[in-house]
Amino acid sequence: MAIFGLWIINKAGGLVYQKHFGEELVRLSPNEYLVLAGTLHGIHAITSRLSPLGKSSGVQIIESETFKMNIFLTATGTKFVLLTSLTDTTADTALQRVYEAYADYVMKSPFQTPEMPIRTEKFDVKVAEIIKLFT
Amino acid sequence: MDITKMYSTGHASVVHPRLSVLSTSSLPSEHSSLSASSSSTRFSLPPTSGTGTPVPMPSSASVLTLSKTPLTATNVNRPNIYDRPLNKTKTSEVSLAAFAFLFSEMIQYTQKRVNGIADFERRLNTLGYRMGLKLLELYAWRTEGVSRAPKRETRFLTALSTIGNSMWKSFFGRAVDAIQKSVTVDDEFMLTENEPAITKFISISKDMGILSCSALTAGVVEAILDGLGFPARVTAHNVPTETYPNCTTILIKLDRSVLDREEALK
């Protein structure tokens, strides 16, 4: 039951926030993270068209043998991606809380331009608090 | 009072520097001098009523707006906001989120028009000043209706404690956390808030330096003190502590005249 990382992808597919917790995740270069986020954005868009039942949101959970990726799509197209261990069940609530913190400390800060990389201190502090609550 | 002098002389083009956001006067402490600035439209009605008329009071403003709009079937029944009873919204609360978005926009608007932190804080101070004038009047009007023997504070310390306690409760829902007097200088007083509500969601980046968005609150306090007869210079400063990283102090530097008067009244 561990949370490995959090990514926030804006509606254009650019990575605006990434945070890693713990040592399990292999460190990649910043460029690679940007590429991965863009790829994930594309995959998400493709999967939203693949549903046989008509309209659906894109992929929500991607599972592998060692970890799980939970994707939360907001009404405005922003994606919150949480990388967790396989046994984690609280990812949805954690993502909701992160979304609340985003709406509070990122959107209401006058020094943060929307869709740009997030550099607000209070958001970092709040995210660390939330993650500590869930690990 | 400078403002009443302005109304009676009938010069609409001369606006009190504390009231005009466009004013080019550099020092915020020029309370006694009225600088002629070209920004009369910021505080007065648009010049359709002529340039020679004095700045109208709110009640006549409502008369002017009513006569300008044609009386159609739709707007003859629409209630004018100026006619609403003042006590109607006395206990209602404003959503902090809504105010935070508005305040964020005010700050971004100001940021585009300034070239320096001092100017930025001065502009926020001016915006707060304009709010504070009206807040003082509204507060005085409402307490008069509630208490049996409403009193006007003439001594500074009682005035300061009223501001920090009852007025703060009516604006923000809670009193200030500390009211202090400086030990080194005898004309400085401080109101300390551990978690100011209006700056709760604002993160200052490192390159903004020591900016404090509570300059708006400082402006409100400055206007209230001016209205009560205690001219001062009020500024806001961040004093982060271990437990309260957002702790903010409103520093009040009184005019010499106030101290002399307090001495005489002792």
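Scanning segment A:16-31 turns up no residue that is closer than 30 Å to B:Ser104 by Cα and in a loop (DSSP other than H, G, I, E, B). Considering segment A:102-125 alone, what residues qualify as being assigned to a helix (DSSP H, G or I), crowded, with 18+ Cβ neighbours inside 10 Å and at the interface with chain B (Cβ under 10 Å from one of its Cβ atoms)? Of everything in segment A:102-125, those that are assigned to a helix (DSSP H, G or I), crowded, with 18+ Cβ neighbours inside 10 Å and at the interface with chain B (Cβ under 10 Å from one of its Cβ atoms) turn out to be A:Asp104, A:Tyr105, A:Val106, A:Lys122, A:Phe123. Suppose the filter is in a helix (DSSP H, G or I), surrounded by 14 or more Cβ atoms within 10 Å (Cβ to Cβ), free of Cβ contacts under 8 Å to residues at least 24 places away in the same chain and not basic (Lys, Arg); does B:Thr162 pass it? Yes: the conditions hold for B:Thr162.
For B:Lys206, the conditions (1) over 13 Å from the mean Cα position of the chain (by Cα); (2) surrounded by 13 or more Cβ atoms within 10 Å (Cβ to Cβ); (3) within 14 Å of chain A (Cβ to nearest Cβ) are fulfilled apart from (2). Would you mind stating whether B:Gly173 is over 27 Å from B:Leu259 (Cβ atoms), within 14 Å of another protein chain (Cβ to nearest Cβ) and touching a residue at least 24 places away in the same chain (Cβ under 8 Å)? So B:Gly173 does not fit the description; no. Within the span defined as segment B:209-231, every residue fails to be surrounded by fewer than 16 Cβ atoms within 10 Å (Cβ to Cβ), among the aliphatic types (A, V, I, L, M) and part of a helix (DSSP H, G or I). From the list B:Leu96, B:Leu191, the one residue that fits, being more than 14 Å from chain A (Cβ to nearest Cβ), surrounded by 15 or more Cβ atoms within 10 Å (Cβ to Cβ) and touching a helix residue (DSSP H, G or I) at 6+ places or on another chain (Cβ under 9 Å), is B:Leu191.
Of the residues A:Lys122, A:Lys132, A:Lys19, A:Lys126, the single one that is free of Cβ contacts under 8 Å to residues at least 12 places away in the same chain and closer than 30 Å to B:Ser212 by Cβ is A:Lys132.
Of note, A:Thr66 satisfies the criterion of being away from chain B (no Cβ under 14 Å), loosely packed, with under 13 Cβ neighbours inside 10 Å and β-branched (Val, Ile, Thr).
Just one of the listed residues (B:Ser104, B:Ser59) is touching a Phe, Trp or Tyr at 6+ places or on another chain (Cβ under 9 Å), at pLDDT below 85 and part of a helix (DSSP H, G or I), and it is B:Ser59.
The values are calculated or read from the model by the stated rules, or taken from the named source; none is laboratory data. It should be emphasised that the depicted structure is a prediction, and the values quoted were computed from it without experimental measurement. Please note: Cβ atoms are built from the backbone with ideal geometry, for glycine as well, and neighbour counts cover all protein chains shown.
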